[in-house]
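> Have a look at the structure that comes next, please.
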Amino acid sequence: MSAESMAYVAHKSCGCVVMVHSDKPQYAKDVARELAACVRDGYIIERVPVETASALPWTESYGRCSHDSPAEAKQREARKQRNEATEKRKEEKYQRALENLRNPKPPTVIA
């Protein structure tokens, strides 16, 4: 089978699917990032045909299922908040760099 007809599926030990990502070369970095997050979260990863992946039962919302304990839900929410804060800091740093490129400061002359 070609890589374009395959997908990665992450599911919990209870069987609930939490992530499906197509295995296409143009998404290689995204796939790697998502799979790394799934491995950190302890999910089981499989590579299956896209047709099989689309027929799997999904959880109601990313990473949540009726089998979650309150501790798991709390950990997931904390992880989500940390990820959002990290993304916000990256965006702010990027915007500052753009601003510095648009409006460079004149060099300081020391006499």
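> Name the single residue that is modelled with the highest pLDDT among those in region 58-79 being outside any helix (DSSP H, G or I) and polar (S, T, N, Q).
Step by step, filter region 58-79, then rank; the result is 69.
> Would you be able to say whether some residue in region 33-41 is touching a residue at least 12 places away in the same chain (Cβ under 8 Å) and loosely packed, with under 10 Cβ neighbours inside 10 Å?
no
> For region 1-57: of the residues being under 22 Å from residue 78 (Cα atoms) and in a strand (DSSP E or B), which is modelled with the lowest pLDDT?
Within region 1-57, the match that is modelled with the lowest pLDDT is 18.
> With respect to residue 17, is the statement that it is among the aliphatic types (A, V, I, L, M) and surrounded by 11 or more Cβ atoms within 10 Å (Cβ to Cβ) true?
Against the criterion (among the aliphatic types (A, V, I, L, M) and surrounded by 11 or more Cβ atoms within 10 Å (Cβ to Cβ)), residue 17 qualifies.
> From the list 82, 102, which residue is closer than 30 Å to residue 13 by Cα and either aliphatic (A, V, I, L, M) or at pLDDT 85 or above (or both)?
Step by step, each of 82, 102 is checked, and only 82 is closer than 30 Å to residue 13 by Cα and either aliphatic (A, V, I, L, M) or at pLDDT 85 or above (or both).
The values are calculated or read from the model by the stated rules, or taken from the named source; none is laboratory data. A quick note: this is a predicted structure, and the numbers were derived from the prediction, not measured. Neighbour counts are summed over all protein chains in view; Cβ atoms, including those assigned to glycine, are modelled from backbone coordinates with ideal geometry.
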